[in-house]
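Everything on this sheet refers to the single structure shown next.
What follows draws every value from the coordinates through simple rules; no lab data is involved. Quantities reported herein were computed from a predicted structural model and do not represent experimental measurements. Using ideal geometry, Cβ is built from the backbone for each residue, glycine included, and neighbour counts are taken over all protein chains shown.
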Amino acid sequence: MGNHDRVASADGQDQVAVGNAAAPPLDDTPALLRFRSDAPDDGPLSPLADFLADGNAAAVRLDPADDARSLIPHLGRLRLIEVAFPKFRDGRGYSAARMLREAGFTGEIRAAGDVLVDQIGFMRRVGFDSFAPAKPLDLSVVKLTLERYPYVYQKAADGLQPVWALRHG
Amino acid sequence: MYRYDQYDQAIVDARVAEFKEQVGRRLRNEITEDEFKPLRLMNGLYLQLHAYMLRVAVPYGTLSGVQMRMLAHIARKYDRDYGHFTTRQNIQYNWIKLEQFSDLLDDLSKVEMHAFQTSGNCIRNISSDQFAGAAADELADPRPYAELLRQWSTLHPEFSFLPRKFKIAVIASETDRAAIQLHDIGLQLRKDESGALGFRVYVGGGMGRTPIIGQVVREFIPVGQFMSYSEAILRVYNRYGRRDNIYKARIKILVNELGIVEFTRQVEAEWALLEPLGLDAPKAEYDRIIAQFAEPTYDLAAPDTLDLSDPDFAAWVSQNVHAHKQPGYAIATISLKPKAGIPGDASSAQMDVIADLAKKYAQDEIRVTHSQNLVLAHVRKADLYAVWQALDAADLATPNLDLVTDIIVCPGMDYCTLANARSIPIAQKIAAKFENDIEQQRDLGELKIKVSGCINGCGHHHAGHIGILGVDKKGEEAYQLLLGGSGAEDASLAKILGPGFDAEGIVGAVDKLIAFYRSARTNPSERFLDTYRRLGAAPFKEAVYG
């Protein structure tokens with residue numbers, strides 16, 4: 001657990017408090033699991049092409065084949081970027097989220113669609129901080145999953161120090 | 001060799017606990033088989049024809065005697081008393097019961113072993129030169145770099161749902177014993193003009209349905225930056241590799257469709273963004289890992305001579321023993337291709353013998369080769385006779401390394417759900433024609449026969465001097481014949497010679513090829529592959545179909 005404690009303060013988000021942070025699944029909308037303290041953006045989501053054409057929305061949706069980097073000139077105006085996972089096997093969205101964080105985006109990045117509990121740990125690491133799974137997740141398993149790994153081997157977008165940094169810190 | 005520290009062990013323990021929990025959810029039907037499949041594949045667990053098959057990772061093919069003893073224990077306790085060493089330098093077990101799987105993982109983790117990422121669409125076990133650290137022709141031991149890649153690729157959050165599997169090999173010699181040009185990424189350690197160490201980077205090689213030889217994406221990346229460079233290659237692949245067709249999803253297809261120039265441009269552009277992010281481990285980490293691969297303490301007084309008066313021992317030395325960089329020492333290859341055996345199989349008792357020999361005579365270290373043999377890399381010449389005698393008593397001293405009976409073969413339809421034809425019996429029938437006459441085998445010289453039971457090419461038929469591919473022809477097993485492949489530094493792809501054969505026919509055709517070669521070579525040192533390259537396919541075709 002040691003590393004998580006350190007990181008919780010490093011990126012201002014509390015990974016450990018998953019069980020508390022998440023409200024129970026709602027009745028008729030997909031449960032939204034958020035790891036942010038600000039209010040969720042509930043405005044309309046623009047598809048990327050529409051956003052790039054007129055560009056006034058504060059929330060945009062990326063499909064797997066979309067180029068996340070085309071948003072870089074507009075990141076200051078965006079509050080929410082939703083990344084679609086039509087099939088959990090399609091891993092392009094992981095690169096999309098990490099590239100957005102690498103570009104300095106601090107707004108909400110949401111994984112939506114075929115988001116499974118066994119992917120959440122990877123998704124948190126590449127910078128997703130909210131989840132709209134098509135099938136509601138068991139929050140106790142989510143909590144278990146996110147607390148699983150005491151250390152990581154590589155840098156990503158979550159501020160965790162890789163073991164090579166801990167070894168030589 | 002590399003030993004886990006507290007961090008490595010904690011990550012492996014967590015991974016084992018995670019997979020046990022995932023298996024539990026599957027057994028309670030909380031997740032579907034479709035959802036479970038990628039999870040079990042990322043833990044090396046396949047559902048085969050008859051049972052679950054488990055593939056255990058042997059990072060860069062290096063393991064200790066203690067680990068080998070555990071592999072024997074697992075074969076004995078959970079399988080049918082044997083294991084099968086693979087072309088990815090791993091070992092697989094064919095008869096695993098799911099209900100025992102948890103205990104098996106616990107046993108493996110006791111000796112710093114696991115089955116992570118031996119399957120699935122992720123970065124697979126990193127492979128390397130089986131003579132690493134012992135070969136006279138290497139610049140440095142390549143395994144510390146393979147270990148850096150092992151750690152970097154383990155549970156990589158961005159690259160665990162790639163378009164398709166991804167294989168990386170690392171070498172440090174001009175002689176390529178790891179087939180790096182047939183990997184998704186092949187890394188060859190070299191020096192630049194200033195004497196600094198770096199890698200030549202090949203990308204987009206591979207076998208399978210669409211065999212392609214890798215191309216150079218960069219002539220030199222300094223060792224201190226090769227991890228971020230690898231990250232850039234993987235990101236370009238993850239974003240743009242094809243996902244619409246499983247057979248076009250490997251990086252080789254992307255490289256070919258973009259062309260190497262455009263692919264290189266994209267990788268360099270990505271690397272320019274990634275390199276400043278501090279993704280590369282610091283020099284202290286390189287030094288820490290390199291220190292764990294330090295040369296053994298050699299016996300400097302070890303005599304550099306060998307008593308070759310026993311002719312059987314002399315034959316084994318001449319075929320299976322290679323020069324070591326340290327005078328007084330030798331590299332011994334243990335053939336897992338005995339008479340009437342299954343290539344790559346070893347019994348529990350044999351694994352125990354090898355573990356004992358490693359401990360007593362070989363710095364407690366064993367290597368797995370991609371040709372499905374094993375290596376004791378640091379043996380005093382003075383101990384070589386004792387090693388040979390013990391191997392011979394365990395049916396492990398067949399003196400056939402790189403000869404006609406040293407055949408690479410996939411499990412084929414005897415085990416595998418993907419196979420269209422059996423491959424093991426074909427290899428056995430070909431070997432049977434030669435295995436009682438070692439002099440004849442030695443006369444034929446280096447001759448690499450490789451047999452795959454389907455187009456996926458796990459038996460590396462495209463890299464065979466003689467390649468054999470099993471296909472399904474209207475419900476019957478049939479075999480295509482290919483010639484001229486090489487997985488070495490002179491990499492080439494074997495080409496189909498002519499119409500296919502049935503199981504009897506293919507054995508006869510190989511016979512005819514070899515007889516023709518024997519009559520056509522200019523001298524005994526001209527290998528089969530050399531004769532083929534000199535004469536072309538036509539006379540070989542005439543000899544077989546004529």
(message) For a quick size check, give me the Cα extents of segment A:21-147 along its three principal axes, largest first, whole Å.
(response) 41, 26, 24
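Mind checking the dipole of segment B:278-360: about its Cα centre, +1 per Lys or Arg Cβ, -1 per Asp or Glu Cβ, Debye to the nearest 20? Let's see the in-between values first.
On the way: 7 positive and 12 negative charges, 36 e Å.
Result for segment B:278-360 is approximately 180 debye, rounded to the nearest 20.
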(request) Mind checking which of B:PHE501, B:THR118, B:ASN320 is farthest towards the positive end of the protein assembly as shown's charge dipole, using Cβ charges of +1 (Lys, Arg) and -1 (Asp, Glu) about the Cα centre? (result) B:PHE501
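Contact order normalised by length for chain B, with contacts defined as Cα pairs under 8 Å and 6 or more residues apart; what percent is it? Walk me through the numbers on the way to the answer.
Working: 1171 pairs, mean separation 68.5, N = 546.
Value for chain B: 13 percent.
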(request) Excluding residues fewer than 8 places away in the same chain, name every one of the lysines whose C-alpha is closer than 18 Å to that of A:LYS155. (result) B:LYS283
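Summarise the partner chain shielding of B:32-38 as one whole number: the mean count of Cβ atoms from other chains within 10 Å of each residue's Cβ.
On the way: counts 0, 0, 2, 6, 1, 1, 5.
Across B:32-38, the average partner-chain Cβ count within 10 Å equals 2.
Over the whole of A:146-152, what's the average partner chain Cβ count within 10 Å per residue? Rounded to a whole number, please.
That average works out to 5.
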(message) Can you list, by residue number, the Cys in the protein assembly as shown that have no neighbouring cysteine C-beta under 4.7 Å?
(response) B:CYS122, B:CYS416, B:CYS454
(request) Taking the Cα atoms of chain B, report the difference between the largest and smallest coordinate on each principal axis, in whole Å and largest first. (result) 61, 61, 57
(message) Would segment B:292-335 count as rounded, prolate or oblate if I go by the C-alpha gyration tensor, calling it rounded below 1.5 in a/c and otherwise prolate when a/b exceeds b/c, oblate otherwise?
(response) oblate
(request) Using the Karplus curve 6.51 cos²θ - 1.76 cosθ + 1.60 with θ = phi - 60°, work out ³J(HN,Hα) for each residue of segment A:91-97 in order, rounded to whole Hz, and write x for Gly and Pro. (result) x, 5, x, 5, 5, 4, 4
(message) Could you derive backbone 3J(HN,Hα) for segment A:105-121 from the dihedral phi with the Karplus parameters 6.51, -1.76 and 1.60 (θ = phi - 60°), listing whole Hz in sequence and x where the residue is Gly or Pro?
(response) 5, 10, x, 7, 10, 10, 8, 10, x, 7, 9, 10, 4, 6, 9, 4, x
(request) DSSP loop (so not H, G, I, E, B), at most 16 other Cβ within 10 Å: list which trypsin sites (Lys or Arg not before Pro) in segment B:453-546 pass both filters. (result) B:LYS474
(request) Amide H neighbours of B:ARG422 under 5 Å, at least 5 residues apart or on other chains, H built in the peptide plane: list them. (result) B:MET413
(message) How big is the dipole moment of chain B about its Cα centre under a simple scheme where the beta carbon of each Lys and Arg is +1, that of each Asp and Glu is -1, and everything else is neutral? Debye, nearest 20, please.
(response) 1440 debye
(request) Place the peptides B:70-76, B:103-109 in order of packing, highest mean first, counting for every residue the other Cβ atoms within 10 Å and averaging per peptide. (result) B:70-76, B:103-109
(request) For B:LYS252, go through the aspartates and glutamates and keep the ones whose alpha-carbon is under 16 Å away, minus same-chain ones fewer than eight residues off. (result) B:ASP184, B:ASP244, B:GLU262
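Mind pulling the per residue volume of the convex hull built on the Cα atoms of the protein assembly as shown? Å³ is fine. Don't skip to the answer; put the middle values down first.
On the way: hull volume 120.1 nm³, N = 715.
Hull volume over Cα atoms, normalised by residue count, gives 168 Å³.
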(message) What is the distance in Å between the Cα centroid of segment B:144-171 and that of segment B:189-222?
(response) 16 Å
(message) For segment B:321-459, take N as its residue count and report Rg(C-alpha) divided by 2.2 N^0.38 Å.
(response) 1.09
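Pulled fully out, how much extra length does the chain show between B:ASP437 and B:ARG209, if you take 0.36 nm times their separation in residues and subtract their Cα-Cα distance? All intermediate terms of the calculation are to be shown ahead of the outcome.
On the way: separation 228, 0.36 × 228 = 82.08 nm, distance 3.56 nm.
Full extension from B:ASP437 to B:ARG209 adds 78.5 nm.
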(request) Name the residues whose placed amide hydrogens come within less than 5 Å of the amide hydrogen of B:VAL217, ignoring near sequence neighbours (fewer than 5 apart) on the same chain. (result) B:VAL201, B:TYR202, B:VAL203
(message) Using +1 at the C-beta of Lys and Arg and -1 at the C-beta of Asp and Glu, which of B:VAL471, B:ILE438, B:VAL375 has the Cα lying farthest in the positive direction of the dipole of segment B:364-471?
(response) B:VAL471
(request) Anything in chain B that counts as a DSSP H helix reaching 18 Å or more along its axis (C-alpha) with Kyte-Doolittle mean of at least 0.5? List them, would you? (result) B:503-520
(request) Provide Rg and Dmax in Å for segment B:486-546, with only Cα atoms included in the calculation. (result) 12.1, 33
(message) Viscosity 0.890 mPa s, temperature 25 °C: what is the translational diffusion coefficient of segment B:311-393 from Stokes-Einstein with a Kirkwood Rh over Cα pairs, rounded to a whole number of µm²/s?
(response) 190 µm²/s
(message) Using DSSP to call loops (not H, G, I, E or B), can you name the trypsin sites (Lys or Arg not before Pro) in segment B:94-175 whose Cβ has at most 11 other Cβ atoms within 10 angstrom?
(response) B:LYS97
(request) Would you mind estimating how fast segment B:408-545 diffuses translationally, via Stokes-Einstein at 25 °C and 0.890 mPa s with the Kirkwood radius over Cα pairs, in µm²/s? (result) 165 µm²/s
(message) Can you find, among B:LEU39, B:ASN523, B:VAL201, the residue sitting farthest towards the positive end of the charge dipole of chain B, where Lys and Arg contribute +1 and Asp and Glu -1 at Cβ?
(response) B:LEU39
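Scan segment B:2-73 for GluC sites (Glu not before Pro) in coil per DSSP, keeping those whose Cβ has at most 14 other Cβ atoms within 10 Å, and list them by number. Display every interim value, and only then the final one.
Values: sites: B:GLU18, B:GLU21, B:GLU30, B:GLU33, B:GLU35; in loops: B:GLU30.
For GluC sites (Glu not before Pro) across segment B:2-73 that sit outside H, G, I, E and B with at most 14 neighbouring Cβ atoms in 10 Å, the list reads B:GLU30.
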(request) Using the Kirkwood radius over Cα pairs, work out the Stokes-Einstein diffusion coefficient for segment B:6-110 at 20 °C and 1.002 mPa s, in µm²/s as a whole number. (result) 149 µm²/s
(message) Give me the dipole magnitude in Debye, nearest 20, for the protein assembly as shown about the Cα centre, with unit charges on the beta carbon: positive for Lys and Arg, negative for Asp and Glu.
(response) 940 debye
(request) Mind giving me the FRET efficiency for B:TYR4 and B:SER102? R0 is 25 Å, r the Cβ-Cβ distance, nearest 0.05 is fine. (result) 0.75
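Report the convex hull volume per residue for segment B:134-291, counting only C-alpha atoms, in Å³. Walk me through the numbers on the way to the answer.
Details: hull volume 18.6 nm³, N = 158.
Value for segment B:134-291: 118 Å³ per residue.
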(request) Please give the average number of partner chain Cβ atoms lying within 10 Å of the Cβ of each residue in A:86-98, rounded to a whole number. (result) 5
